[in-house]
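Reading through the structure tokens given below for one structure.
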Amino acid sequence: MLTNDFGLDAKSISKLSSHGLSLKALKEQLNEELDVSIELWKAQGLHVVKHQGYYYFDTKFLSLEDAEFCIVDIETNGSKVEKHQIIELAAVKIKNGKIIDRFDSLVYTQEINPHITQITGIKAEDTIDAPKVKEVLMQFKLFLGNAVFVAHDVKFDYSFISKSMQKIGLEPLLNRSLCSLALAERTVVSYRYALSYLNETLKLNPNARHHRAMSDVLTTYGLFLLSLENLDERIKTVEDLIEFSKKAPRLKRPKFDPLLAVKKEEEEKEEKE
């Protein structure tokens, strides 16, 4: 997920992920020297490499087995980053389908709307001993590194974290990103694709506590593994996967909600008993 902070137009960004971008095309758009820009991008979680005279995202050549994916979820005390903040941030880092590291922290805040507390169960007093947002975001940035940022409906989590980093004086994120919801729509047949619904039908996380960050991360992890199992064998690299998640046809959804049938059977069974 690249922003204007990247300094390139959309067409150039697309070429970096596919056919490559020439040195001339890169230099025409950059204010800094190319080497400086590449180092700055690397510090923001994005690696660009030269291959046969053209420049590419390194994920163009990175296999799914060798790539690191960071599955992320946040809880916030409101939806507008301009006046709200993260109150919980969790992530797991995945390599070749296995969890290799974890990050989980509440974030100190003075106020949490009762509506948010009702949804998440998190109260302001629960965060009294938690680190402040600046410390959490700096630690998370180190944890994330240049891993592929994965989240369910990734745009919200990615944007909120990236803009929150800018609020504390850090550079915005430039990590490649992947939406687990969009990927699931192309790999898993379901009536709905909300994370809670998918967990209820697919039993992804038996200990799920919806709207708590680590719980939702682990549910997304289960979904991510299932999506990878159902992938077309032609999907070999990270950029293959990102493109597939955006452009492949969505699977046809069932006409009726299978959960309703299950609940009806359970109700009828209870009545007979």
Completion exercise
Filtering segment 79-103 for residues that are closer than 17 Å to Phe160 by Cβ and either in contact with a strand residue (DSSP E or B) (Cβ under 6 Å, 6 or more places away or on another chain) or surrounded by fewer than 18 Cβ atoms within 10 Å (Cβ to Cβ) (or both) leaves a count of 12
Handout entry: Residue in segment 81-91 that is in a strand (DSSP E or B), of a type outside the set (Ser, Thr, Tyr) and more than 30 Å from Arg209 (Cβ to Cβ) present
Key = no
Exercise for the section: Find the residue count for segment 6-23, including only residues that are exposed (fewer than 14 other Cβ atoms within 10 Å of the Cβ), modelled with pLDDT under 90 and not in a loop (DSSP other than H, G, I, E, B). Expected result: 1
Fill in the blank from the handout: Reported set for segment 57-80 where residues are of a type outside the set (D, E, K, R) and either within 18 Å of Phe156 (Cα to Cα) or in a strand (DSSP E or B) (or both) is Phe57, Ser63, Phe69, Cys70, Ile71, Val72, Ile74, Thr76, Asn77, Gly78, Ser79
Exercise for the section: Determine if segment 104-122 includes at least one residue that is surrounded by fewer than 18 Cβ atoms within 10 Å (Cβ to Cβ), in contact with a strand residue (DSSP E or B) (Cβ under 7 Å, 6 or more places away or on another chain) and either in contact (Cβ under 8 Å) with a residue 24 or more places away in the chain or not in a helix (DSSP H, G or I) (or both). Expected result: yes
Problem - Among residues of segment 144-173, those that are over 14 Å from the mean Cα position of the chain (by Cα) and touching a residue at least 60 places away in the same chain (Cβ under 8 Å), counted - result: 5
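The values are calculated or read from the model by the stated rules, or taken from the named source; none is laboratory data. Since we're looking at a predicted model, the values are computed, not measured. Backbone-built Cβ (ideal geometry, glycine too); neighbour counts: all protein chains shown.
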